[in-house]
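J.: Provided herewith is a single structure, encoded as structure tokens, for subsequent inquiry.
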Amino acid sequence: MTTTENKGLSMLQRISTIFSLYEGLPKHIYYLAIARFILGLGNFIIPFMVLLLTQKQGYSTSEAGTLVMVVTGTYMAGSLLGGKLSDAYGHKNIMVIGELLGALVLISCGFFAEHHLVAPGLLFLGYFFIGIAVPASNALVADHSNPENRDAVMSLSYLAYNLRQRQASAH
């Protein structure tokens with residue numbers, strides 16, 4: 001074997017060792033990881049929102065920045081409400097409802113990209129719903145772990161949620 005082949009094999013072994021931590025977890029943990037990845041992807045829209053507002057709709061950078069700050073504020077308000085709602089109505093129900101409504105609203109934004117008031121208003125609403133889903137998602141991860149697998153479950157959950165940041169910075 002050449003040195004390059006040894007390095008490649010060694011790297012594959014290291015990757016295999018890292019991901020072996022996640023082997024044997026219950027199926028619903030993997031589904032939660034996928035759901036958290038999708039939630040994380042929703043946050044990826046914010047940088048594109050600035051481009052849309054400044055380049056397509058003619059907003060100044062300070063106006064676009066203010067709108068992004070308000071979107072982030074509605075996300076945080078949704079998170080506060082989401083914690084209360086998930087305790088009252090169940091973590092899974094609130095996560096599914098929040099993700100579904102947030103996704104539907106964000107998808108509808110694409111049809112109103114040229115409207116100066118509708119698109120930002122829909123973004124506020126969409127991020128509010130996504131914010132509602134996040135605490136429920138975090139609680140579900142904790143609910144479905146036990147002391148023996150908690151480290152692996154939490155690690156996979158955070159890896160899935162933050163993976164979209166790695167994808168964004170790679171481009």
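The values are calculated or read from the model by the stated rules, or taken from the named source; none is laboratory data. Predicted model only: the values in this text are computed from it and were never measured. As a convention, Cβ positions derive from the backbone with ideal geometry for all residues, glycine included, and neighbour counts pool all protein chains shown. These accessible areas exclude ligands, DNA and RNA; they are computed on the full protein's heavy atoms, side chains included. Shrake-Rupley method; radii C 1.70, N 1.55, O 1.52, S 1.80 Å.
J.: Leaving out ligands and nucleic acids, and using a 1.4 Å probe, what accessible area per residue does the chain come to in Å²?
T.: Computed with neighbouring chains in place, this is 61 Å² per residue.
J.: Per DSSP H run of at least 4 residues, take -39500 (n - 2.57); add these up for the chain, divide by its residues and hand me the 222 nm value, nearest 500 deg cm²/dmol.
T.: My calculation for the chain gives -27500 deg cm²/dmol from helical runs alone.
J.: Name the shape class, rounded, prolate or oblate, that the alpha-carbon gyration tensor gives for the stretch 6-56, where a ≥ b ≥ c are the square roots of its eigenvalues, rounded holds for a/c under 1.5, and otherwise prolate holds if a/b is larger than b/c and oblate otherwise.
T.: Taking the square roots of the gyration eigenvalues as a ≥ b ≥ c, the stretch 6-56 is oblate.
J.: GNM, the chain, Cα, under 10 Å: largest mean-square fluctuation among 30, 127, 75?
T.: Its mean-square fluctuation being the largest, the pick is 30.
J.: Mind pulling the angle between the C-alpha long axis of helix 27-42 and the longest principal axis of the chain? Nearest 10 degrees, somewhere in 0 to 90.
T.: With rounding to tens, the tilt is 40 degrees.
J.: Something else about it: Would you be so kind as to identify which of 48, 17, 146 lies farthest towards the positive end of the dipole of the chain, taking Lys and Arg as +1 and Asp and Glu as -1 on Cβ and the Cα centre as origin?
T.: Final value for the positive-end residue is 17.
J.: Give me the angle, in degrees from 0 to 90, between the Cα long axis of helix 3-20 and the longest principal axis of the Cα atoms of the chain, rounded to the nearest 10.
T.: Tilt of helix 3-20: around 70 degrees.
J.: How far is it, in nm, from the label point at residue 146 to the one at residue 54 when both lie 7 Å from their Cα along the line to the Cβ?
T.: Simple spin-label model gives 5.2 nm for this pair.
J.: I need the shape label for the chain. Rule: rounded when a/c is under 1.5, else prolate if a/b > b/c, else oblate, with a, b, c from the alpha carbon gyration tensor.
T.: Judged from the Cα gyration tensor, the chain comes out oblate (a/c at least 1.5, b/c at or above a/b).
J.: What shape does the stretch 53-135 have by the C-alpha gyration tensor, where a ≥ b ≥ c are the square roots of the eigenvalues, rounded means a/c under 1.5, and otherwise prolate means a/b greater than b/c and oblate the rest?
T.: oblate
J.: Just reorder 69, 49 by solvent-accessible area, largest first, 1.4 Å probe, all chains present.
T.: Descending accessible area places them as 69, 49.
J.: Turning to a different aspect of this structure: Using only Cα atoms, find the angle between the long axis of helix 150-170 and the longest principal axis of the chain, and express it within 0 to 90 degrees, rounded to the nearest 10.
T.: 60
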